[in-house]
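Asks: One structure, as structure tokens, below. Some questions next.
The values are calculated or read from the model by the stated rules, or taken from the named source; none is laboratory data. Keep in mind that this is a model prediction, so the values were computed, not measured. Neighbour counts are summed over all protein chains in view; Cβ atoms, including those assigned to glycine, are modelled from backbone coordinates with ideal geometry. We work out accessible area using only protein heavy atoms, side chains counted, and drop any ligands, DNA or RNA first. Shrake-Rupley method; radii C 1.70, N 1.55, O 1.52, S 1.80 Å.
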Amino acid sequence: CFAAVELDPHYIRALLRRAELYEKTEKLDEALEDYKAVLEKDPSIHQAREACMVSLSLSKEKNNHLHHLHICKLKDLGNLVLRPFGLSTENFQVKQDSSTGSYSINFVQNPNNNR
């Protein structure tokens, strides 16, 4: 598929197969690019349109999951630094101001009592 697309970038069948391979190997962003390329060349291909919507939604889910994992890792790192001082990330309350978009951070002495 890869060689066929390199030789002929308008070879829709090869693009579709490559997109399917990308999906099976969980390379969702690459699959989405190939499906979009197919739709640009021939918008009547129902398989590409449907797969594009599914890939987009799966890609968003994957990105949200990765974002959550990164936040957890950052909290773990913060707790590692704060632990010698008897603190954790739970001791800090972060609020976003809806009008300006800025954040304020407040220290909370007993975070478990405030919930």
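Asks: What accessible area per residue, rounded to a whole number of Å², is obtained for the range 1-85 using a probe radius of 1.4 Å?
Replies: Value for the range 1-85: 74 Å² per residue.
Asks: Here is a follow-up. Using a cut-off of 14 Å between alpha-carbon atoms, which aspartates and glutamates can reach LYS75, once sequence neighbours fewer than 8 places away in the same chain are excluded?
Replies: LYS75 reaches GLU90.
Asks: Another question, if that's okay. Once you charge only the Cβ atoms, +1 for Lys and Arg and -1 for Asp and Glu, what is the size of the charge dipole of the chain about its Cα centre, to the nearest 20 debye?
Replies: 480 debye
Asks: Using +1 at the C-beta of Lys and Arg and -1 at the C-beta of Asp and Glu, which of LEU87, LEU16, LEU28 has the Cα lying farthest in the positive direction of the dipole of the chain?
Replies: Highest projection toward the positive end goes to LEU87.
Asks: Tell me the relative contact order for the chain as a rounded percent, counting alpha carbon contacts under 8 Å between residues six or more apart.
Replies: For the chain, the relative contact order is 13 percent.
Asks: Taking the chain as a Gaussian network, Cα atoms linked when under 10 Å apart, which of GLY101, GLY86, GLY78 shows the biggest mean-square fluctuation?
Replies: GLY101
Asks: Divide by every residue of the chain the summed helix terms, -39500 (n - 2.57) for each DSSP H run of at least 4, and state the resulting mean residue ellipticity at 222 nm, rounded to the nearest 500 deg cm²/dmol.
Replies: -20500 deg cm²/dmol
Asks: Something else: Checking the cross-link filter: which lysines have an alpha carbon closer than 17 Å to that of LYS73, excluding same-chain neighbours under 8 positions apart?
Replies: Excluding near neighbours in sequence, the set is LYS62.
Asks: List the extent of the Cα atoms of the chain along each of their three principal axes, largest first, rounded to whole Å.
Replies: Largest to smallest, the principal-axis extents are 64, 33, 21 Å.
Asks: Moving on. Keeping the other protein chains in place, figure out the carbon and sulfur percent of the accessible area of the chain, with a 1.4 Å probe.
Replies: Whole-percent figure for carbon plus sulfur exposure: 55.
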